[in-house]
Every structure is written in structure tokens, then in C-alpha cells.
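Heads up: the structure comes next, in C-alpha cells.
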Amino acid sequence: MKRRTIILLSLLSLLTLTMAGCRKTCTCIKNNGTSHTFTAEEVKNSNGTCQNMKYMYSEGSIDPTVSYYSTCQWDY
């Protein structure tokens with residue numbers, strides 16, 4: 001019985017960690033200090049990486065020659 005409990009708790013912990021990873025966001029800080037947050041789905045649909053989102057306007061247009069944000073990083 002103790003072994004089943006350990007296995008069940010391990011599986012439950014793994015499931016919790018897996019579900020928590022789906023809520024990550026990409027936060028980009030603009031040059032004036034304000035920030036904008038992109039969902040993981042928005043990142044996937046545009047450039048695929050959070051770092052490349054610094055070339056993305058909030059309205060969704062991309063220009064790889066202009067950096068609209070000073071930095072972008074994943075938040076979990």
C-alpha cells in the first residue's frame with residue numbers, strides 16, 4: 001500500500017509540473033520602461049522564441065530591423 005501511495009504522489013507531482021509549464025508568458029520591456037506580455041501561443045504563432053518578440057509591435061506587426069523592446073524573457 002505504501003508503494004502505491006508513493007507512485008500516486010509522484011505521478012500527481014509530475015502532472016502538476018507539466019500543467020504549470022503551460023502558463024508561461026514572454027514579458028518584453030519597452031525602451032521607455034513599460035512592459036508588454038505575450039502568451040506562449042502568441043510567441044509560437046509569430047517567431048517561435050521569446051527573444052525574437054522584441055521585434056514585435058503590440059499590434060502584431062514584425063520588423064526584424066527595428067527593436068521595439070529592450071529585452072524579452074520567459075516568466076513562469
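Modelled this way, with points 7 Å down the Cα-to-C-beta line, the labels at Thr27 and Gln51 are 2.0 nm from one another. The string of couplings for region 61-69 from the Karplus curve (6.51, -1.76, 1.60, θ = phi - 60°) is 8, 10, 9, x, 9, 10, 8, 7, 10 Hz, one whole number per residue in order, with x for Gly and Pro.
Note on Lys30: lysines with a C-alpha under 20 Å away, same-chain residues under 8 apart excluded, are Lys54. Taking label positions 7 Å along the Cα-Cβ direction at both Thr71 and Glu41, the computed distance is 2.9 nm, reported to one decimal. Our summary gives region 36-76 a relative contact order of 33 percent, counting only alpha carbon pairs under 8 angstrom and 6 or more residues apart.
Counted by neighbouring Cβ atoms within 10 Å, the residues Cys28, Cys50 run from fewest to most as Cys50, Cys28.
Just want the ordering: Glu59, Glu41, from fewest to most Cβ atoms lying within 10 Å of their own Cβ.
Working: Glu59 5, Glu41 9.
In order of increasing Cβ crowding within 10 Å: Glu59, Glu41.
Bear in mind that the values in this text are calculations on the coordinates, not laboratory data. Just so it is clear, the structure is predicted and the values come from calculations on it, not from any experiment. All Cβ positions, glycine included, derive from the backbone under ideal geometry; neighbour counts span all protein chains shown.
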